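The values are calculated or read from the model by the stated rules, or taken from the named source; none is laboratory data. Fair warning: this is a prediction, and the values are worked out from it, not measured in the lab. In this analysis, Cβ positions are derived from the backbone assuming ideal geometry, glycine residues included, and neighbour counts consider all displayed protein chains. Heavy atoms of the whole protein, side chains included, go into the accessibility calculation; ligands, DNA and RNA do not. Shrake-Rupley method; radii C 1.70, N 1.55, O 1.52, S 1.80 Å.
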Amino acid sequence: MCVAPFKGRRPSVVQISEVANGIIDPVLARRAGISTALLGSWDEIAGEDFADCTRPEKIAWPQRDDASDGSGYQPGVLTIACEGARALFLTHAQGELIARINGFFGYPAVRQIRIVQKPVSQAILRKKKPQPLKGDAAKRLHDMMEGIESEQLRKAVERLGTAVLQKPARGRS
């Protein structure tokens, strides 16, 4: 965290990630047409099947033509890097993926996906899924989730609770 400078009132606390995103987002938008929010949420957007083997690279927006129909905005083409044979499966699922991406943006931002086969380097090492809880911790989590009706929300809370209630590994504090 950092403290914003005085502007005639009390200083406000700003997350460093907000400052960094404020600097990086305009560069990404200019160069690739994407934002750090899309990159950061890609695992949830792509889903379990494609999160580990895909990465959004850029969105190519059509050039505005003043002589066109006058609507101004047109959805773009998202280029996705995909590893090897998984590209075939991604091709078949691209309708659903386009719907998820547009749902993330809240408007029809993408009309088409262009798949490029190449290795996808994972800059962030993914931790293994936490082991299921046992004993008192499992009962405690089950009691906390009581009354949650939405199955999707229930699964999300269970994943979070399992990660939080895990005993810390030896050697870490």
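Any chance the range 58-70 includes a residue that's in contact with a strand residue (DSSP E or B) (Cβ under 9 Å, 6 or more places away or on another chain), open to solvent by 80 Å² or more (accessible area, probe 1.4 Å), modelled with pLDDT of 90 or more and not polar (S, T, N, Q)? Within the range 58-70, none of the residues are in contact with a strand residue (DSSP E or B) (Cβ under 9 Å, 6 or more places away or on another chain), open to solvent by 80 Å² or more (accessible area, probe 1.4 Å), modelled with pLDDT of 90 or more and not polar (S, T, N, Q). From the list Leu153, Leu97, Leu165, Leu133, the one residue that fits, being farther than 24 Å from Ala37 by Cα and at pLDDT 85 or above, is Leu133. Residues in the range 103-130 that are modelled with pLDDT of 90 or more and among the polar types (S, T, N, Q): Gln112, Gln117.
Scanning the range 21-37 turns up no residue that is of a type in the set (A, V, I, L, M, F, W, C), within 19 Å of Ile113 (Cβ to Cβ) and at pLDDT 80 or above.
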